[in-house]
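The values are calculated or read from the model by the stated rules, or taken from the named source; none is laboratory data. From a predicted model like this one, the values you see are computed outputs, not experimental measurements. In this analysis, Cβ positions are derived from the backbone assuming ideal geometry, glycine residues included, and neighbour counts consider all displayed protein chains.
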Amino acid sequence: MYSKDQASKLKQAFWTAFGQYIAPQLSAEGLRVNWVNYKTGIKHLHFKLHADKKSAFIGIELSHPDTGVQELLFEQFKEFRNILNGYLNEDWEWQLHMTDENHKIVSRIFTTLPDVSVFKEEDWPKLISFFKPRIIALDEFWCDAAQSFEVFK
């Protein structure tokens, strides 16, 4: 078991390592991107990467405090489901109105990698191999789809 400080330092070390690893990768538009804190340009719409002691996930998170607006965003993504799946080359889970780790109502489109721990450095290559192609695919998708979400700015 790690102290809070040790756990925080290990997580920070992983995200720093991942950020450095993926930093040379340019966006679909040929720009430098902060991949770990990807900016969609739409408030309450994030590409989220998360890893803890049991698993990891990457996804699109809709966190608008108005659940009606959240549902509209979710429906807009449903219109793009086939296109999104084409970029990802896999089907992700779709959850409307779930409770996140901070007890807030969010909606997510995501995929999970089970049985890995951000606290085990030997799992870091698996985590990086999981996150990298998917965040790049999300960026490519977003490059094509972002205009359709401008109404939510």
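A few notes on this one:
- Exclusive hit being modelled with pLDDT under 95 and basic (Lys, Arg), set 132, 153: 153
- Picking from residues in region 85-115 that are within 14 Å of the chain's Cα centre (by Cα) and touching a residue at least 60 places away in the same chain (Cβ under 8 Å), the one that is nearest to residue 148 (Cα to Cα) is 108.
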